[in-house]
1. Residue under question is Thr82, and the condition is that it be without any contact (Cβ under 8 Å) to a residue 60 or more places away in the chain and closer than 16 Å to Ile22 by Cβ; does it hold?
2. Would you kindly identify the strands (runs of 3 or more DSSP E) lying entirely within the range 63-136 that contain at least 2 residues that are aliphatic (A, V, I, L, M) and surrounded by 13 or more Cβ atoms within 10 Å (Cβ to Cβ)?
3. State yes or no: is Trp60 within 13 Å of the chain's Cα centre (by Cα) and outside any strand (DSSP E or B)?
4. Inside the range 34-56, can you point out the residues that are in a strand (DSSP E or B), of a type outside the set (Val, Ile, Thr) and in contact with a Ser or Thr (Cβ under 6 Å, 6 or more places away or on another chain)?
5. Select, from Gly77, Gly54, the only residue that is on the phi > 0 side of the Ramachandran plot and under 12 Å from the mean Cα position of the chain (by Cα).
6. Return the only residue of Ile125, Ile114, Ile101, Ile130 being farther than 24 Å from Gln20 by Cβ and of a type in the set (A, V, I, L, M).
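Derivation of every value follows stated rules applied to the coordinates shown; laboratory data play no part. Worth saying up front: this structure is predicted, and the values here are computed from it rather than measured. Every residue, glycine as well, gets a Cβ built from its backbone with ideal geometry; the counts of neighbours run over all protein chains shown.
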Amino acid sequence: MTKSILFILSLLLSITISAQNIVTETLTWQISQVQDVNTGESLSSENETFVSYGSQKVEWRNADGVKHTYIVNKTNGIWTNTSQSGSMIYQVDSGDKSGTITFERAKNEITVRILLMKGDELPEIYEIKIVKVTAL
C-alpha cells in the first residue's frame, strides 16, 4: 500500500514538473545556437540562456550576466505546457526598441525568434535554438 501511494505521488510530481506554463512560471531556456537573420551569421552562444519571468520580462543572459532585458507589454497565445507543441508571442520593449519575442515548440524543436525595431532602422532579427527548458 505504501509503495503504491509513493508511486502515485511520484507520478503526480513528475506531471506537475513537466507542465511548465510560460505565462505564470519563471523558466530558464538553454540556448544552443543563435543566428542573426539579417546577416545569416551564427553568433557565439556558449553559456547563454533566456530567463522568462512569466508575463513580466525576459532576460537574455551570458556568462557575464544579463545581456539584454525585454519588458513584456502584452502576451498573445496560450501555452500551458512547454513540453508539448505550442507557442507564445510577447510584445516587448527593450530600451528604445520595441517588437516581439516568439517562443515556440514544434516537432520537438524549441525556437525563439526576436524581432526588434527602432524607427526607420533595419530591424534586429534573431532565430535561436533552445536545447532545454527548466523551471526556476
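1. Working: without any contact (Cβ under 8 Å) to a residue 60 or more places away in the chain: no; closer than 16 Å to Ile22 by Cβ: yes.
So Thr82 does not fit the description; no.
2. 65-76, 86-94, 109-117, 124-135
3. no
4. Taking the range 34-56 and keeping what is in a strand (DSSP E or B), we get 34-36, 41-43, 49-53.
Cutting the leftovers down to of a type outside the set (Val, Ile, Thr) gives us 35-36, 41-43, 50, 52-53.
Answer for the range 34-56, where residues must be in a strand (DSSP E or B), of a type outside the set (Val, Ile, Thr) and in contact with a Ser or Thr (Cβ under 6 Å, 6 or more places away or on another chain): Gln35, Tyr53.
5. Values: Gly77 fails: under 12 Å from the mean Cα position of the chain (by Cα).
Checking each option against the conditions leaves just Gly54.
6. Numbers: Ile114 fails: farther than 24 Å from Gln20 by Cβ; Ile101 fails: farther than 24 Å from Gln20 by Cβ; Ile130 fails: farther than 24 Å from Gln20 by Cβ.
Answer to the selection: Ile125.
A quick yes/no check of all residues on (1) closer than 16 Å to Thr111 by Cβ; (2) touching a Pro at 6+ places or on another chain (Cβ under 8 Å); (3) of a type in the set (S, T, N, Q):
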site: Glu25; (1), (2), (3): no, no, no
site: Gln30; (1), (2), (3): yes, no, yes
site: Gln33; (1), (2), (3): yes, no, yes
site: Val37; (1), (2), (3): yes, no, no
site: Val51; (1), (2), (3): no, no, no
site: Asn62; (1), (2), (3): no, no, yes
